[in-house]
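One structure is given here, and the rest of the page talks about it.
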There are 2 protein chains.
Amino acid sequence: MAKNSKTQKLRIVPLGGLGEIGKNMAVIELGNDAIIIDSGIMFPANDMLGVDYIIPDFRYLLERTDLKIHGILYTHGHEDHVGAVSHVVEALPGVPLWATPLTAGFIQVKLKNAHLKAASVNVFQAGDVLKVGPFTVESYHVCHSIPDCVGFGINTPYGIVIHSGDYKFDPAPVDGKKTDYAKLAEFSKRGVLLLMGDSTNADQAGWTPSESVIDEAFDKVFRAAPGRIMVATFASLISRIHQVAKAAERYGRKIAVAGHSMAENIKMARELGILNIPNEMFVDLNRIGSMPPSKVVILVTGAQGEPSAVLSRLATGRHRQLDVEEGDTIIISAHTIPGNEETVSRTINRLFQRGAEVIYDPIAPVHVSGHASQEEMRLLINLTMPRYFLPVHGELRHLKAHAKLAIQSGIPAENVFVAENGMVIEADKNGVRKGERVPGGYVFVDGSGVGDVGKAVIRDREMLARDGFMIVVVNVDKKSGELLGNPEIISKGFVYLRNADELIEQIKETVSDVLATVNGHNGKRREKLQEGIGRFIYNETKRRPMIFSIINEK
Amino acid sequence: MAKNSKTQKLRIVPLGGLGEIGKNMAVIELGNDAIIIDSGIMFPANDMLGVDYIIPDFRYLLERTDLKIHGILYTHGHEDHVGAVSHVVEALPGVPLWATPLTAGFIQVKLKNAHLKAASVNVFQAGDVLKVGPFTVESYHVCHSIPDCVGFGINTPYGIVIHSGDYKFDPAPVDGKKTDYAKLAEFSKRGVLLLMGDSTNADQAGWTPSESVIDEAFDKVFRAAPGRIMVATFASLISRIHQVAKAAERYGRKIAVAGHSMAENIKMARELGILNIPNEMFVDLNRIGSMPPSKVVILVTGAQGEPSAVLSRLATGRHRQLDVEEGDTIIISAHTIPGNEETVSRTINRLFQRGAEVIYDPIAPVHVSGHASQEEMRLLINLTMPRYFLPVHGELRHLKAHAKLAIQSGIPAENVFVAENGMVIEADKNGVRKGERVPGGYVFVDGSGVGDVGKAVIRDREMLARDGFMIVVVNVDKKSGELLGNPEIISKGFVYLRNADELIEQIKETVSDVLATVNGHNGKRREKLQEGIGRFIYNETKRRPMIFSIINEK
């Protein structure tokens, strides 16, 4: 806390997570000192064609050369919170990182893959008080769908700012570690200026079910399954892996692991002591062929239907070591990320087609959300009693619903801020208000390009995806402008050329007709040709491929 | 019923609806006589790029020149049941159509738009017994999410074949017309050979809520709304429109209609006497500006976020007559069709951004499914007591779940058929079994082209959508093969060329390098050039645009 001075302005600068579920990132500034909470990525929507992922636009940080950034603090290891770490470390090489053991493990893997090194990665335990430059930050444990999650209480001259992280109040968490009610209540006693609360499930009534309901669902499936069991889940869902291991132990099954990221994460979590499964419970994937099917459970990646992950390979018969067989039981123990509904459905249908029994929500409660529902949100507000409230981590509809809950819980409407990325929230001794706007948009990552694919390129990809393109190459007489020989036609994504002889002939006729009329207007010949072909094609097919003409004078 | 003879084979040929939710179509044959039930379309998945819609592959019908098709019978007017009517009428011009009044209305509009005329459109009422060639077909009323829905009991020498249509057992339907329990029970007394049952919600436990729960939800919203109310729903959801009208009447609001299809359908349904709303309840959209906002409710199209429909125009400020304002309440009273989740979410968020209050499921129960859930499926099976069961209308996972329910309800497992489109189910005095396979795939409609866009074209569109393309046009010396002048580069969907000067320069260098090495190998020069450029681009950008080179010898 910067000299406990009330002369410096406090600024909260959300760079991600507001108006979207993904790429969380927020800057907390006190005068010229700052810390950052999280730096995540977001997965592209289906119509962001060719984009691999999206990172926050942190130009603001690069432009604020006067700002001393003392550290980046991570709440937990999910991609939407840590995914952009290598991009941020590359841009801000001197800044130390802070994370709990598992989160630090994920970060180190990412940095290694990007051939980068952070200034330092400071590992802390939930509950530790962190001194980050002039800031005193109190971490506290929260339940979510990955172990080692924290929220932060940041001390400022105007009161405590709480960043909830991703949380739920699971009354019976799998690892026994509950969300730290006591710390939250203590914050409230000391005076909370502002609560930044996770809004993901703000339109869901009630209380999110405990992870422990999954134990019962697993038990039922394990008891009935005649052959092999495969469980598809997120590679980072360590507690789910623990639940599978417990069920496997009860029913005398050994665990095999399929999928690189799953194997890596299990290894890391076991080394860190977060996942306590004895060695003898595991069996190599290559050895299960010689075991009775009823003695095996296989953990697999690809619960989102990602084409290159294990589950999708199994569904399409493209896995080197495994084949789905009659008698297999496959559990999809994961939430479908919005936008992936079609690929997940398709994967499930294909697994059925191969003779497997597939168990998924709503067939059985084999997954629960990791985020708080409305009653838990009310509880967080009531435990911490903030003077001001900033809903974070959600689409606008979730932020609005969360704001409404906060107002119902007694926070004055004028103290609740529904903001967008880049909208600065500033505080001083007179209170909290909305401030200036800084850039807060999307930065697309496509291949090794960061930010070089913008709206214009995506729009071209949309047009190409809809109707393809056609290139017409013609040779013309230099003097007369008359067509020489046959035009060459190259086309992709428009029609299947081999079955379109008649259309192609007509296009060639159109070319010759157009060239005959524009003879003399050499300058516009190319445009006229493209227009003429485009009009003909639209009349014939009601499609609008992109059309290019190339004219060679001979 | 063909002479009540037990010498003719009965064949059920599903051409659509099995393994998918959409494009329902089934052929029922007795010897050389046949009828068809429904002919629907399906909406393309997000990765079927550029496809407008999908129709069933009915090549089989065209190849069976010996088959006398006596009629096409429609269960109801939804697109996945009637959408392909013009394609079928064009292919089978002499075949009479049969439909209830509202369904016939929808069909006539489609035929008119396609400039086609059916041999005849025979209008019947639910409950009528239809004589269609040698077939005696007993229609019966079912509840769904559109009025005038029927199922069919088709008399055959081997017992009755029931086609359920889309149905639910709504205990309190809005129009008071319940599903015809008595007819179903009567069928069972006379002996049901086979039940073809709608599987859409086969993984949903319990009983689908009655449409009447929506009345309560609407009442709550109408009571609280301070300004205008807009209700977005399917243009065909006539009963929902009726519910809006009732709420409007209770709260003294007039109804305006925005959206051509919505206006057309309301007009038709009122003319047919299906929708009883007095004239004075309606007000022209152009007149609402002069009315108090609290006296207006506007029915709008576009509940799926379709970019050209009213709701999406309102969300993006592109509607000519209407603007969303602070104080507006917008109800999304429709189920999101799988694959549309992203566009619907985006629309909701944009409406919030414009200051509207948006009410959608799960915020309030403003929509219920039109399809039976598990308990209703059990009820249908128990009411009709079929000897054999064929789940229809669903993805494979739904057909499997429905089959499981049927077996639990007492139908022997060997009498339950999980089939795919094109798999013939045949029956004679010895019972029912799976028969031969006929074509049953997708036919893509793109623009005015039917079936000319296949997998190869879609694959090209995928590649173009991911990384775009580049065309490199070079002039070379005819004799030496050396590059003349500067290559011309045309590229779309790859990078934003104006910001890629350096890359373009390097590509030009690559062109010149490649040409220097392949000099002499004229035949492969083009391929070598494309390979060389492709390799360079991948190394630089990790992207793989399609690359074409055009070489002009001068």
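Within a 10 angstrom radius of the beta carbon, how do B:Lys246, A:Lys168 rank from fewest other beta carbons to most? Don't jump to the answer; show the numbers that get you there.
Values: B:Lys246 17, A:Lys168 29.
In order of increasing Cβ crowding within 10 Å: B:Lys246, A:Lys168.
Note the full-extension length gain between B:His260 and B:Lys68 as 0.36 nm times their separation in residues minus their Cα-Cα distance, in nm to one decimal. Each step should come with its number before you reach the end.
Numbers: separation 192, 0.36 × 192 = 69.12 nm, distance 3.86 nm.
So the chain would gain 65.3 nm between B:His260 and B:Lys68.
For the protein assembly as shown, a crude dipole built from +1 on the beta carbon of Lys and Arg and -1 on the beta carbon of Asp and Glu, taken about the Cα centre, is about 100 debye to the nearest 20. Note on B:Arg459 and B:Lys177: their simple-model spin labels are 4.9 nm apart, each label 7 Å out from Cα toward Cβ. With the charge dipole of the protein assembly as shown set up from +1 on Lys and Arg Cβ and -1 on Asp and Glu Cβ about the Cα centre, the Cα lying farthest toward the positive end among the listed residues A:Ile533, A:Ile331, B:Ala256 is that of A:Ile533. For the protein assembly as shown, the mean residue ellipticity at 222 nm estimated from helices alone is -9000 deg cm²/dmol, where every DSSP H run of n ≥ 4 contributes -39500 (n - 2.57) and the total is divided by all residues, rounded to the nearest 500.
Going by Cα centres, segment B:166-201 and segment A:299-329 are how many Å apart? Each part reduced to its Cα centre gives a spacing of 39 Å. Taken as Cα centroids, segment A:19-81 and segment A:232-271 sit 30 Å apart, rounded to the nearest whole angstrom.
With neighbour counts taken as other beta-carbon atoms within 10 Å, the residues B:Arg223, A:Arg466, B:Arg378 rank, fewest first, as B:Arg223, B:Arg378, A:Arg466.
Segment B:376-415 and segment A:480-497 have Cα centres lying 56 Å from one another.
Note on A:14-21: average number of Cβ atoms from other chains within 10 Å of each residue's Cβ is 1. Working from Cα pairs under 8 Å separated by at least six residues, relative contact order for chain B is 15 percent. With the label put 7 angstrom out from Cα along the Cα-to-Cβ vector, B:Lys189 ends up 7.7 nm from the copy partners, going from closest to farthest. Computed from backbone phi with θ = phi - 60° and the Karplus coefficients 6.51, -1.76 and 1.60, the 3J(HN,Hα) list for segment B:273-284 is x, 7, 10, 9, 10, x, 3, 5, 6, 9, 9, 5 Hz; x is used for glycine and proline. Close amide H pairs (under 5 Å, H built 1.01 Å from N) link A:Ile359 with A:Ile330, A:Ile331, A:Ile332, residues at least 5 positions away or on another chain. Summarising the amide proton neighbourhood of A:Tyr53: residues at separation of 5 or more, or on other chains, whose placed amide H is nearer than 5 Å comprise A:Val445. Under 5 Å from the amide H of B:Gly435 lie the amide H atoms of B:Val424, B:Ile425, B:Glu426, each residue being 5 or more positions distant or on a separate chain, with H modelled from the backbone and absent for Pro and chain starts.
Here the relative contact order of segment B:345-446, from alpha carbon pairs under 8 Å that lie six or more residues apart, stands at 17 percent.
For segment B:492-502, 3J(HN,Hα) computed residue by residue from phi via the Karplus equation (6.51, -1.76, 1.60; θ = phi - 60°) reads 9, x, 9, 9, 7, 4, 4, 9, 10, 3, 5 Hz, glycine and proline entered as x.
On full extension of the chain, what length is gained from B:Asn122 through B:Ala224, given 0.36 nm per residue of separation minus the C-alpha to C-alpha distance? Mind dumping the intermediate values first?
Numbers: separation 102, 0.36 × 102 = 36.72 nm, distance 4.64 nm.
Extending this stretch completely gives an extra 32.1 nm.
Shown for A:Glu527: label points 7 Å from Cα along the beta-carbon vector, and their distances to the equivalent points in the other copies, 4.0 nm in ascending order. Summary for A:Glu264: label point 7 Å along Cα→Cβ; distances to the equivalent points in the other copies, ascending, 5.3 nm. Mean separation of Cα pairs under 8 Å and 6 or more residues apart, divided by the residue count, gives segment A:381-540 a relative contact order of 11 percent. Shape index of segment A:457-553: Rg/Rh, with Rg the Cα radius of gyration and Rh the Kirkwood radius from the inverse mean 1/r over Cα pairs, equals 0.98. With the convex hull of its Cα atoms as the shape, the protein assembly as shown has an orientation-averaged projected area of 48.4 nm². When A:Leu380, B:Leu111 are sorted by how many other C-beta atoms sit within 10 angstrom of their C-beta, beginning with the fewest, the order is B:Leu111, A:Leu380.
For segment A:213-360, what does the alpha-carbon gyration tensor say about shape, rounded, prolate or oblate, given a ≥ b ≥ c as the root eigenvalues, a/c under 1.5 as rounded, and a/b over b/c as prolate? Verdict is rounded for segment A:213-360. Summary of packing: across the peptides B:267-273, A:445-451, the per-residue average of other C-beta atoms within 10 Å ranks them, highest first, as A:445-451, B:267-273.
Counting partner chain Cβ atoms within 10 Å of every residue's Cβ in A:442-454, what's the average? List each step's numbers first, then the result.
Working: counts 0, 0, 0, 0, 7, 10, 6, 8, 0, 1, 7, 7, 3.
Counting other chains' Cβ atoms within 10 Å and averaging over A:442-454 gives 4.
Over the whole of B:487-497, what's the average partner chain Cβ count within 10 Å per residue? Rounded to a whole number, please.
On the way: counts 0, 1, 0, 5, 2, 10, 15, 8, 7, 7, 2.
That average works out to 5.
Remark: segment B:192-202, residue by residue, has Karplus-estimated 3J(HN,Hα) of 9, 6, 9, 10, 9, x, 4, 10, 2, 9, 5 Hz, where x stands for each Gly or Pro and the curve is 6.51 cos²θ - 1.76 cosθ + 1.60 at θ = phi - 60°. The average projected area of chain B, computed from the convex hull of its Cα atoms over all directions, is 31.6 nm².
Throughout, read-outs are computed from the coordinates displayed, never taken from laboratory work. This is a predicted model, so every value here is computed, not measured. Don't worry about glycine lacking a Cβ; one is built from the backbone with ideal geometry, like all the others, and counts go over all protein chains shown.
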